[in-house]
Structure formats: structure tokens, C-alpha cells
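Let me give you the structure first, and then I'll get to my questions.
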Amino acid sequence: MKSLRLEDAVPQSGSRHRKLRVGRGHSAGQGKTSGRGMRGQKCRSGGGVRPGFEGGQIPLYMRLPKLKGFELVNPSSYTIVNLKQLRDLPADSAVNIESLLDAGILTATSGPLRVLGDGEAHVALQVTAAYFTASAREKIEAAGGTCTVEA
């Protein structure tokens, strides 16, 4: 097999066409009007519509919402708890959404429980949540607790 070199990389014969030279007489095929037709805006030099013009219809860039971005159709929301909020719980207690509501740490839920690692875990806790940050899991397990991910 022949090695591939840059000077060997040429297009296949017949795949490249000569640039069409318009306005060079009628025998060349594109003489006089140079393929632009007879009259009208698109025939004139500098003529044509501006980029984004859609023939009078409200253009796409005007139909899209401005400044604030798009509103999510199905936004996902979570109930978030930091480790510093769990410092007053007794040792070896089970921690989930229901127990946090009973303890008054949470007043309402807005989805699955996510435990974040801000603060320290002073006692061993059995935490059940949908998600743990790496630092939260590390601190809970270092204090002797367990982290259980619920489906």
C-alpha cells in the first residue's frame, strides 16, 4: 500500500468545475443579464433583501424570546439540605424527607432530597436521599454514618 502524503491529496478528475464567468457575451451562456433575470430588486447591483428577511413574515430572530432565555417546559426541582442543618439531630437517627419535616428542618418539599456538603457531620446518621455530593458522602461516612441512595 502506498503511503498517504499531502501532495497526493488531490480531488478526483471532473469533481472540480471552473468558476462560471458571467456577463461575457451571449455565446458564453450567461451574458447580458448574467442569470439575474430582467427587472426587479434582485436584478440590481447591491439589490436583494437583508439577511434574515422572510418576505414580510415576522422573522425568526423577532419571534424568539429575548433577554431571559427559554423557560424550561419540565423543570426539575429538588429539596436541598446542607449538612450544617443536620447538626442538631441525635446520633444514629434515620434521615429522610419525612423525618426532616417532623424535625422542623424542612417546612415543605419540592422534589427528591439532595444532600449537599456545606457544614460538618458531628454524629453518625443513616441518611436516605436521591443524591449526595461527594463531599457530603465523605463527611457522613467519616462520622460513622451511612448514605443510602433511593431510586
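What is the one condition in (1) touching a Phe, Trp or Tyr at 6+ places or on another chain (Cβ under 8 Å); (2) closer than 16 Å to Thr146 by Cβ that Ser110 does not satisfy?
(2)
Another question, then. In this structure, is Pro65 assigned to a loop (DSSP other than H, G, I, E, B), more than 30 Å from Ala134 (Cα to Cα) and in contact with an Asp or Glu (Cβ under 9 Å, 6 or more places away or on another chain)?
Considered against the rule, which asks whether it is assigned to a loop (DSSP other than H, G, I, E, B), more than 30 Å from Ala134 (Cα to Cα) and in contact with an Asp or Glu (Cβ under 9 Å, 6 or more places away or on another chain), Pro65 comes out as yes.
Moving on to the next point. When region 106-121 is examined, which residues are found to be surrounded by 15 or more Cβ atoms within 10 Å (Cβ to Cβ) and closer than 18 Å to Ala94 by Cβ?
The answer is Leu106, Pro112, Leu113, Arg114, Val115, Ala121.
Could you list, in sequence order, all residues of region 41-65 that are within 29 Å of Gly23 (Cα to Cα) and loosely packed, with under 10 Cβ neighbours inside 10 Å?
The answer is Gln41, Ser45, Gly46, Arg50, Pro51, Gly52, Gly55.
Which of the residues that make up region 1-27 are closer than 20 Å to Ser45 by Cβ and either hydrophobic (A, V, I, L, M, F, W, C) or touching an Asp or Glu at 6+ places or on another chain (Cβ under 8 Å) (or both)?
Within region 1-27, Leu20, Val22 meet the criteria.
OK, next. Pairs please, first residue from region 137-151 and more than 10 Å from Gln126 (Cα to Cα), second anywhere and of a type in the set (D, E, K, R) and surrounded by fewer than 18 Cβ atoms within 10 Å (Cβ to Cβ), Cβ atoms under 9 Å, 6+ apart in sequence or on different chains.
Cβ pairs passing all conditions: Lys139/Glu120; Ala143/Glu120.
Bear in mind these aren't lab numbers, they're just calculated from the coordinates by the rules spelled out. Fair warning: this is a prediction, and the values are worked out from it, not measured in the lab. Backbone-built Cβ (ideal geometry, glycine too); neighbour counts: all protein chains shown.
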